[in-house]
Amino acid sequence: MKVNIIIKKKIISGVDEAGRGSWAGPVVSAAVILKNYPNAKELKDSKILNKKDRNEIFDKLKNNSIIGVGFSSVKEIEKFNILQATFLSMKRAINSLTLTPDLLLIDGNRIPPKLTIEAYPIIEGDKFISEISAASIVAKVIRDTHMKILDKKYPGYGFTNNAGYGVKLHLDALKTLGVTPIHRQTFKPIHNILYEEN
């Protein structure tokens, strides 16, 4: 991607998702336009930040950026597949922005189809593009908060700590407590458990 393409643009939004590889819960995307963020250097890939730092940066972003968020439900993941559901959540995040950007920088190697805004995919963009890093942090914090709520509804799986990912505690809980309505049944580990039970 040519740098001058970006420089000419006035309003840039970074876009990223959280929860794509999780066994349970929605996939959540965020679109972020930075306004007057005080320290762009602290914006990093959400996966390398600890929870405290992520939450502190998220609070700053709420006051110094324009944020759009989009969810795709487990039913949509099952119906469309995880890639298409991720694209859907990204579109929802972009459409929920209160300011229309001139350019979208999207983490990964593909972009959602039929976007009406110029967009570029950037592999590992959350590591070096501030707007994408910000989007990764917002998506992660919002999804983690949502999974904490689901943990209360479906206790025993450790969703507060594992966010629905395939850790040992989660797998053990699936074997003893069974599959819940928020588990992604088309994902191989969940499908295998259901198949074995039948």
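Nothing in this text is a laboratory measurement; each read-out follows from the coordinates by a stated rule. All values derive from a computational prediction rather than experimental measurement. Because the Cβ atoms are built from the backbone with ideal geometry, glycine has one as well, and the counts that use them run over all protein chains shown.
Things to note:
- Helix 130-153 vs. the chain, principal-axis angle (Cα, 0 to 90°, nearest 10): 30
- Likely footprinting exposure, ASP126, ASP172, fewest C-beta neighbours within 10 Å first: ASP172, ASP126
- Relative to the longest principal axis of the Cα atoms of the chain, the long axis of helix 168-177 lies at roughly 40 degrees.
- Between the beta carbons of GLU42 and GLU124, assuming R0 = 22 Å, the FRET efficiency works out to 0.75 to the nearest 0.05.
- Computed over neighbours whose Cβ is under 13 Å from that of ARG184, the net charge equals +2, Lys and Arg +1, Asp and Glu -1.
- Rounded to the nearest 10 degrees, the inclination of helix 82-95 to the longest alpha-carbon principal axis of the chain is 40 degrees.
- Local net charge near ASP45, Cβ-Cβ under 10 Å (Lys/Arg +1, Asp/Glu -1): 0
- Reducing the stretch 133-148 and the stretch 31-50 to their Cα centroids gives an inter-centroid distance of 12 Å.
- Gain on full stretching of the segment that runs from THR176 to SER73 - 0.36 nm per residue minus C-alpha separation: 34.6 nm
- Given R0 = 25 Å, the distance between the Cβ atoms of LEU99 and ASN55 translates into a calculated FRET efficiency of 0.50.
- Residue pairs, from the table LYS60/LYS91; LYS44/LYS79; LYS35/LYS168; LYS52/LYS175; LYS60/LYS114, whose Cα atoms sit over 30 Å apart: LYS44/LYS79; LYS35/LYS168; LYS52/LYS175; LYS60/LYS114
- With the charge dipole of the chain set up from +1 on Lys and Arg Cβ and -1 on Asp and Glu Cβ about the Cα centre, the Cα lying farthest toward the positive end among the listed residues ILE66, VAL138, ALA93 is that of ILE66.
- Note on the stretch 3-197: antiparallel DSSP beta bridges, both residues inside, total approximately 60 percent of the bridges counted.
- Efficiency of FRET between LEU194 and ASN109 - r from beta-carbon atoms, R0 25 angstrom, step 0.05: 0.20
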